[in-house]
Amino acid sequence: MKIIKKINNNVAIGLDQNGKEVVVFGKGIGFEKMPYTLTDLSKVDRSYYDVDPRYYELISSVDEKVLLLCTKMVNVIMAKLEGEWNPSLVFVLADHITFALERYRKGMAIPFPYSDEIELECPDENRWAVWIVKNINHNFHVKLPKGEVTCIAMHLVNARVGTKTVRKETSTQRKDRILKFAVDTIEHDLGISISKKDLNYYRFKSHISYFVKRKDENTPVSDEGGELFELMKTTYPDAYRCAMKINSYLKEEYGSDCSDSEILYLMIHINRFMQRGL
């Protein structure tokens, strides 16, 4: 295997014998001068194919201890729960936990509610989410709020492919689910609380409603982000990063990325929430 890019000392990007890109974990695997040929494959503890390249930067920014712990926990969960799993789960989970720990240490209490509904409808994912939170609390000497269980359970539900209920979801239910994920992501990643009575929330809710309607009706959207998109992306990197996480969720839902103009509108709404939360 050829190791071509260091992410940190224990994580790197490599090319397998077929030239396919793979993210590899292993002690000291990213320590050597790049590129190099890894001849002892026993040094690879875990490998991940088909990881969205947008997560590469995320991997390098999260706490290495968080990343390694998430890798071990995801390995256990994947072995215990049937189904195919999104290969990016480790990195999505590490990102979520990194933000959760930052907020805890800064005393930024965001009251994520614990969902009894998720516990009843997704008992396996909820049970493992409880286990994850216990592990995080133990390893990092913190006491995360119970609502983190629901947030993590939803990440597991979304990452577990081929095991979801076949019950037909209505357009309204889909809209509510997407809205909830978007709002939870914005609140979680930016450390703000969004009031359901705020005018910006109603604007955002309407935007999501129209978005779902267009997607359900397969209505094309012109891609006219242009210079404003690039300006917003550069000026408000936190809003862009948050919008791209929502885009990843929508890509799983509809099978394609949002256009630049759609991401631009997401960034505009997110920036309004950010300004309101200052």
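The values are calculated or read from the model by the stated rules, or taken from the named source; none is laboratory data. Only a predicted model underlies this, so the values are computations on that prediction, with no experimental measurement involved. Glycine gets a Cβ as well: all are built from the backbone with ideal geometry, and neighbour counts include every protein chain shown.
Just give me the residues in region 72-102 being more than 21 Å from Asn247 (Cα to Cα), of a type outside the set (A, V, I, L, M) and out of contact with any strand residue (DSSP E or B) (no Cβ under 6 Å at 6 or more places or on another chain), in sequence order. Within region 72-102, Lys72, Asn75, Lys80, Glu82, Glu102 meet the criteria.
Residue count for region 219-261, restricted to those that are at pLDDT below 90 and part of a loop (DSSP other than H, G, I, E, B): 12.
Just to verify a result, which residue in region 1-32, among those that are β-branched (Val, Ile, Thr) and surrounded by 14 or more Cβ atoms within 10 Å (Cβ to Cβ), is farthest from Met78 (Cα to Cα)? Outline the logic, then answer.
Quick first cut of region 1-32, residues β-branched (Val, Ile, Thr) only: 3-4, 7, 11, 13, 22-24, 29.
Now narrow it down to the ones that are surrounded by 14 or more Cβ atoms within 10 Å (Cβ to Cβ): 3, 7, 11, 13, 22-24, 29.
Working: Ile3: 26, Ile7: 24, Val11: 20, Ile13: 22, Val22: 18, Val23: 17, Val24: 17, Ile29: 23 Å.
Among those that are β-branched (Val, Ile, Thr) and surrounded by 14 or more Cβ atoms within 10 Å (Cβ to Cβ), it is Ile3.
Taking region 224-278, which residues are more than 16 Å from His207 (Cβ to Cβ), of a type in the set (Ser, Thr, Tyr) and free of Cβ contacts under 8 Å to residues at least 40 places away in the same chain? Thr234, Thr235, Tyr236, Tyr240, Ser256, listed by residue number. Counting only helices (runs of 4 or more DSSP H) that fall entirely inside region 33-149 and contain at least 2 residues that are surrounded by 19 or more Cβ atoms within 10 Å (Cβ to Cβ) and modelled with pLDDT of 85 or more, the qualifying elements are 64-80, 89-105, 123-140. Cβ-Cβ distances below 9 Å connect the following pairs, each with a first residue in region 205-216 that is without any contact (Cβ under 8 Å) to a residue 40 or more places away in the chain and assigned by TED's automatic domain parsing to the domain that holds Lys251, a second residue that is surrounded by 13 or more Cβ atoms within 10 Å (Cβ to Cβ) and outside any helix (DSSP H, G or I), and a separation of six or more residues or different chains: Arg214/Val221.
Checked against the criterion of being more than 30 Å from Thr71 (Cβ to Cβ) and either within 19 Å of the chain's Cα centre (by Cα) or without any contact (Cβ under 8 Å) to a residue 12 or more places away in the chain (or both), region 156-166 contains one or more residues that satisfy it.
This table checks each residue for (1) within 16 Å of the chain's Cα centre (by Cα); (2) of a type in the set (D, E, K, R); (3) closer than 25 Å to Asp198 by Cβ; (4) surrounded by 19 or more Cβ atoms within 10 Å (Cβ to Cβ).
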| residue | (1), (2), (3), (4) |
| --- | --- |
| Tyr240 | yes, no, yes, yes |
| Lys251 | yes, yes, no, no |
| Leu264 | no, no, yes, yes |
| Ile268 | no, no, yes, no |
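Would you confirm whether any residue within region 33-50 is in contact with a helix residue (DSSP H, G or I) (Cβ under 9 Å, 6 or more places away or on another chain) and of a type in the set (A, V, I, L, M)? So far as region 33-50 goes, no, none of its residues is in contact with a helix residue (DSSP H, G or I) (Cβ under 9 Å, 6 or more places away or on another chain) and of a type in the set (A, V, I, L, M). All of Asp63, Asp45, Asp116 fail the test of being farther than 22 Å from His141 by Cα, touching a residue at least 24 places away in the same chain (Cβ under 8 Å) and among the acidic types (Asp, Glu), apart from Asp45. Against the numbered list (1) farther than 29 Å from Leu156 by Cβ; (2) part of a helix (DSSP H, G or I); (3) not polar (S, T, N, Q), Arg177 comes up short only at (1). Of all residue pairs spaced 6 or more apart or on separate chains, those with beta-carbon atoms under 7 Å, a first member in region 1-30 that is touching a residue at least 40 places away in the same chain (Cβ under 8 Å) and a second member that is of a type in the set (Asp, Glu) and part of a loop (DSSP other than H, G, I, E, B) are Met1/Asp16; Phe25/Asp45.
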